[in-house]
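Visitor: I have a structure here, written as structure tokens, and I will follow up with some questions on it.
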Amino acid sequence: MRSTEELVRDHEVILGVLDGLEARLRAVQSGGTLDPGYVREAVAFSQGFVDRCHHGKEERCLFPCLERRGVPREGGPIGVMLAEHEMGRQLVRGIADAVDRYEAGRGDLGEVVDLAWKYVELLRAHIAKENEVLFPMGEAVLQASDDADVGRCYDGVEHQQGAGEHQRLTQLAERLSRPS
């Protein structure tokens, strides 16, 4: 179903960026440095692609449809996913603030690295839950008409981001995914 296939493709892009970020975090732990510019681009990718585009499609399109088909929000997988979206947003804001402090000489690199590792771990676990639990659950309850409606909603979310924004963010992901 397009509803879940498109989100899985987004996950693959996100996982590539997480691979690049992890490689840089490991390098720091081995005595290397972390380029604040790279961190800022990773934050921009997370805010643009992960949150506004990807989570926007889930929160505005897929999750409401799943709820209408009986997948519970409260005490169910949708509520867990929404809570994790908010935790991710908080971590990204924390990373942005920490890198600002680090560059201004008022913070240390360890804080940036710690928050970035937490974000990587959260997103990897979150993606696994969606791919292995929520999306198969959704595919079991969604009907063809739902899939078409959700797909149109996804198009609307992408359109609201602006012409070429998805492509720009995908190109940014390619740069962020490259080994340092």
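Nothing in this text is a laboratory measurement; each read-out follows from the coordinates by a stated rule. Being a predicted model, the structure only gives us computed values, none of them experimental. Note that we place each Cβ from the backbone using ideal geometry, even for glycine, and neighbour counts take in every protein chain shown.
Visitor: Since PHE135 meets every condition but one in (1) surrounded by fewer than 19 Cβ atoms within 10 Å (Cβ to Cβ); (2) of a type in the set (Phe, Trp, Tyr); (3) closer than 20 Å to ARG9 by Cβ, which condition does it not meet?
Guide: With respect to (1) surrounded by fewer than 19 Cβ atoms within 10 Å (Cβ to Cβ); (2) of a type in the set (Phe, Trp, Tyr); (3) closer than 20 Å to ARG9 by Cβ, PHE135 is out only on (1).
Visitor: Same structure, new question: Using the structure shown, decide if ASP147 is out of contact with any Leu (no Cβ under 8 Å at 6 or more places or on another chain), of a type in the set (Asp, Glu) and surrounded by 13 or more Cβ atoms within 10 Å (Cβ to Cβ). Break it down into steps so the answer makes sense when it comes.
Guide: Numbers: out of contact with any Leu (no Cβ under 8 Å at 6 or more places or on another chain): yes; of a type in the set (Asp, Glu): yes; surrounded by 13 or more Cβ atoms within 10 Å (Cβ to Cβ): yes.
In short, yes.
Visitor: If you take just the helices (runs of 4 or more DSSP H) that sit entirely in segment 129-180, which of them hold at least 2 residues that are over 19 Å from the mean Cα position of the chain (by Cα)? Don't jump to the end; show me each part of the working.
Guide: Values: elements: 135-141, 144-161, 165-177.
Because the criterion is at least 2 residues that are over 19 Å from the mean Cα position of the chain (by Cα), the helices (runs of 4 or more DSSP H) in segment 129-180 that meet it are 135-141, 144-161.
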